[in-house]
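Working notes for the structure below.
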Amino acid sequence: MNMIEVSDLLIEIGEFELKRINLFVKEGEYFCILGPTGSGKTILLESIAGIYRPDMGSILINRHNVTDLLPKDRNISVVYQDFMLFPNMNIRDNIGFGLKYKGYEKSVIEDKVEKTAEFLGISHLLDRYPSTLSGGEKQRTAIARAIITEPDLLLLDEPLYALDPGTKARLRQELLRIHQLKKTTTIHVTHSFEGAFALADRIAIMHGGKIHQVGTPDEVFRKPNSAFVASFVGVENLFHGTSVIKDDQSEILINGLIIISNALKSGNVSVSIRPEDILISKDPIHSSAQNSFSGVLTEITRMRATVNLVIDAVIPFRVVLTKRAYDDMGLYVGSWVYLTFKASATHII
Amino acid sequence: MQRNGFKYANIILMLLLSLFIFTLIFEIVTHADPLSLIANIISPEIQFAIHLSLLTSVISTFMCILITIPVSYSLARYDFHGKAIINTLLDLPMALPPIVAGLGLLLIFGTTSFGSYLADAGLKFVFTVPGIIMAQFAVNVSLMLRIMRSTFEGINPRYEHVAQTLGCTPFQAFFRTTLPLSKNGMLAGSVITWSRGMGEFGAVLMLAGATRMKTETLPIALYLNISSGELDLAIAAASILILISGITLYLFERKGGVAKLC
């Protein structure tokens, strides 16, 4: 069943506009809206939240037309990248804020706040004020404040953007865990394909106030339907696979190919290898690098200073060469080449 | 050597200006001996002026706060046609000589049918205490508006967005987030508005007149007593106004309000 239906949404705010957006999100889905800065993705999110009134079109949540409803009557929650914790209230009051306005009794609120804080590992912070918290703690608080009201729809606006890499990875896992447990329909706006790839059931690519493509991350990644989508998502090697830990390394099975990584994680994982970390050669290289494959060169795209190659080695690898290196190697579509990269260059998301 | 010459010339001018300001204040407060200064301050006329100034400036400051909160919020948060013109218009009284604003008020309340309608209804502004309040309000509301506008502009509207999604009406969201977060700006604005109300002369003179023991605020007391040669009473009124300026500057600086003026 469709949880969210956005039809012909047209809205103009200052220099930003949404041009007839059509979008549906299924119940329980984790949906990512991906686009560069200024693509209108935050306005779309805030329109679904009810912050902006559309000039045209309609928004249905749970089959109710909410186009003219105030945000408070939509049963949704928002988490912003810059946390937006109320600085004049402590963490306990921040988390309990929504319940207070939804008419819960004090003892019930107290109880739910304790439970939600425990769920997110921030019980020890309840009596502190937001200014004394780290970025990760602030975002956990913001997530707690959003999920405690049990919304039909959770709206996340770049929730991981303002965090350092370690915290980012931990909170990404946290978002996955919350979604797996609560099954709340989630729309997550981001400009990082890597982040969307690891989390999303489906993604929409947005640019210039329009949605360019909607599909599973794999579909969008493998079959981008426009040059924009291709250039936006096509810079990374991202794969899904199953990982087993052996001898202090992870062996990740992807379509029959085994990639070794120094990162330790088992089960279903997403893997990324930066194109510039892959060494390409016409003959096999003997080195300490543990990942070595061979494949056919299927695509050559000349950029200003570099050349982008796609090599089909069971799975398609994207590789970047400098113009000089490319010319020296004398490659053409159909060349048989060898790929080599280190276990440390294999990132598990 | 040339660099030092430049430096010393600047420093000497700075010291001269400081000396000038210091002498100016020193002359007033030391003109009379402390005992007679105190005697004049507690004289019935100056006591009356202090009370009247306090009463009118507190009321006009509250009026400024009440009206500028919604108006400055509109200017900070909404986009509409003619916003630039309205902004300029609302800033205008700040640059206008208060005596000119006072003349405008006198014409509105003294010569128009709207003015006589209000007077018939019991709201007389010409040569009355309500006139003092109205004059202070008209001159100071722009400054308060400017401070509140930049205060609201400095508060992320997403606090209200979040509050609204969590169950607040737009008004509740404003009341629970933006309003408490504007506390410092509002305090700084109130202090400076109040102090300017205490010292307002030109507009008050035009609308409320200068009647001894009736519309005699501190600056009016200063003016009346200087005109009639009662220098000691004039100095008593001036000393109180200097004290108020000192307190105001201290409170305003503490709330970091100076930066919010621009």
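Just so it is clear, none of the values below were taken in a lab; they were calculated from the coordinates. Values in this document were obtained by computation on a predicted structure and should not be read as measured data. A quick note on method: Cβ atoms are made from the backbone with ideal geometry, for glycine too, and the neighbour counts reach across all protein chains shown.
For peptide B:155-162, what's the mean number of Cβ atoms from other chains within 10 Å of each residue's Cβ?
So the per-residue partner count for this stretch is 6.
What is the Cα centroid distance between the stretch A:219-282 and the stretch A:176-218, reported in whole angstrom?
18
Hey, fewest Cβ within 10 Å first, where do A:R74, A:R304, A:R202 land in order?
Listing A:R74, A:R304, A:R202 from fewest to most nearby Cβ atoms yields A:R304, A:R202, A:R74.
Can you work out ³J(HN,Hα) from phi for every residue in the stretch A:52-64, in order, using Karplus 6.51 cos²θ - 1.76 cosθ + 1.60 and θ = phi - 60°, giving whole Hz and x for Gly and Pro?
These are the phi-based 3J(HN,Hα) values: 10, 9, x, 6, 7, x, 9, 10, 10, 10, 6, 6, 9 Hz.
Explain nothing, just compute: Karplus ³J(HN,Hα) = 6.51 cos²θ - 1.76 cosθ + 1.60, θ = phi - 60°, for every residue of the stretch A:125-136 in order, whole Hz, x for Gly and Pro.
Values, residue by residue: 9, 4, 9, 8, 9, x, 5, 8, 9, 7, x, x Hz.
For A:T346, list long-range residues whose amide hydrogen, built 1.01 Å from N in the peptide plane, is under 5 Å from its own amide hydrogen.
A:N262
Report the charge-dipole magnitude of the protein assembly as shown in Debye, nearest 20, computed about the Cα centre from +1 at each Lys and Arg Cβ and -1 at each Asp and Glu Cβ.
The dipole of the protein assembly as shown has a size of about 260 debye.
Per q in 0.08 1/Å, what log10 I(q)/I(0) does a Debye calculation on the alpha-carbon atoms of the protein assembly as shown return?
Relative scattering, expressed as log10 I(q)/I(0), comes to -0.79.
Write down, largest first, the equivalent ellipsoid semi-axes of chain A in whole Å, where each equals the square root of 5 times an eigenvalue of the alpha-carbon gyration tensor.
Gyration-tensor ellipsoid for chain A: 41, 25, 16 Å.
Net charge within 14 Å of A:H124 by Cβ-Cβ distance, Lys/Arg positive one each and Asp/Glu negative one each, not counting A:H124 itself? Display every interim value, and only then the final one.
Numbers: positive: A:R92, A:R128, A:R140; negative: A:E114, A:E118, A:D127, A:E137.
The answer is -1.
Set the Förster distance to 45 Å, then compute FRET efficiency between A:K100 and A:N225 from the Cβ-Cβ distance, nearest 0.05.
Efficiency computed from Cβ-Cβ geometry: 0.45.
For chain B, what does the relative contact order come out to in percent, with C-alpha contacts under 8 Å and a separation of six or more?
29
With a 10 Å cut-off between alpha carbons and a GNM built on chain A, which of A:E118, A:E46, A:E12 moves the most?
Judging by the Gaussian network model, the answer is A:E118.
Count the lysine pairs in the stretch B:34-261 whose Cα atoms sit under 21 Å apart, keeping only pairs 8 or more residues apart in sequence or on different chains. Let's see the in-between values first.
Working: B:K83/B:K260; B:K124/B:K214; B:K183/B:K255; B:K183/B:K260.
So the count of such lysine pairs works out to 4.
Under 15 Å from a point placed 7 Å out from the Cα of B:L187 along the Cα-to-Cβ direction: which residues of the stretch A:71-105 have their backbone N that close?
Residues A:88 fall inside that zone.
Hey, in the GNM for chain B with a 10 angstrom Cα cutoff, which one of B:L145, B:L123, B:L233 fluctuates hardest?
B:L123
Would you work out the relative contact order for chain A, in percent, from Cα pairs under 8 angstrom that are 6 or more residues apart?
On the way: 712 pairs, mean separation 55.1, N = 349.
In percent, rounded to a whole number, it is 16.
Quick one: order B:F20, A:F86 by neighbouring beta-carbon count within 10 Å, fewest to most.
Listed from fewest to most nearby Cβ atoms, that is B:F20, A:F86.
For chain A, with a Gaussian network of springs between Cα atoms less than 10 Å apart, report the residue from A:Y326, A:Y101, A:Y80 with the top mean-square fluctuation.
Among A:Y326, A:Y101, A:Y80, the largest mean-square fluctuation in the Gaussian network model of chain A belongs to A:Y101.
In peptide A:91-100, how many Cβ atoms from other protein chains are near each Cβ within 10 Å, on average?
2
Positive end of the dipole of the stretch B:34-261, charges at C-beta (+1 Lys, Arg; -1 Asp, Glu), about the Cα centre: which of B:M144, B:L92, B:Q172 has its Cα farthest in that direction?
Looking along the dipole axis, the top candidate is B:Q172.
Quick one: Cα centre-to-centre distance for the stretch A:76-155 and the stretch B:85-128, in angstrom?
If we compute the Cα centre of each part, the gap is 50 Å.
With label points built 7 Å along Cα→Cβ from the Cα atoms of A:L181 and A:I245, find their separation and express it in nm.
Distance between the two pseudo-spin positions: 2.2 nm.
Taking the beta-carbon count within 10 Å as an exposure proxy, list A:M89, A:M1 from fewest neighbours to most.
Ascending Cβ contact count within 10 Å gives the list A:M1, A:M89.
Which of the lysines could a cross-linker span from A:K323 if the Cα-Cα distance has to be under 17 Å and same-chain partners fewer than 8 positions apart are dropped?
In chain and number order, the partners are A:K282.
Please find the FRET efficiency linking A:D312 to A:S123, where r is the Cβ-Cβ separation and R0 is fixed at 51 Å, and quote it to the nearest 0.05.
Details: r = 51 Å, r/R0 = 1.00.
Approximately 0.50, to the nearest 0.05.
Run through every distinct alpha carbon pair of the stretch B:1-58 and return the Kirkwood hydrodynamic radius in angstroms, one decimal place.
About 14.9 Å, per the Kirkwood formula over Cα pairs.
Need one number: nm distance between label points at A:S131 and B:A121, each 7 Å from Cα along Cα→Cβ, rounded to one decimal.
Each label point lies 7 Å from its Cα, and together they span 4.5 nm.
State the Cα centre-to-centre distance between the stretch B:28-77 and the stretch B:130-164 in whole Å.
20
Set the Förster radius R0 to 30 Å, insert the Cβ-Cβ distance between A:Y332 and A:I254 as r into 1/(1 + (r/R0)^6), and round the FRET efficiency to 0.05.
Efficiency at R0 = 30 Å is approximately 0.65.
So what are the ³J(HN,Hα) numbers for the stretch A:84-97, from phi and the Karplus equation (6.51, -1.76, 1.60; θ = phi - 60°), rounded to whole Hz, Gly and Pro as x?
6, 6, 6, x, 8, 10, 6, 5, 4, 5, 4, 5, x, 3
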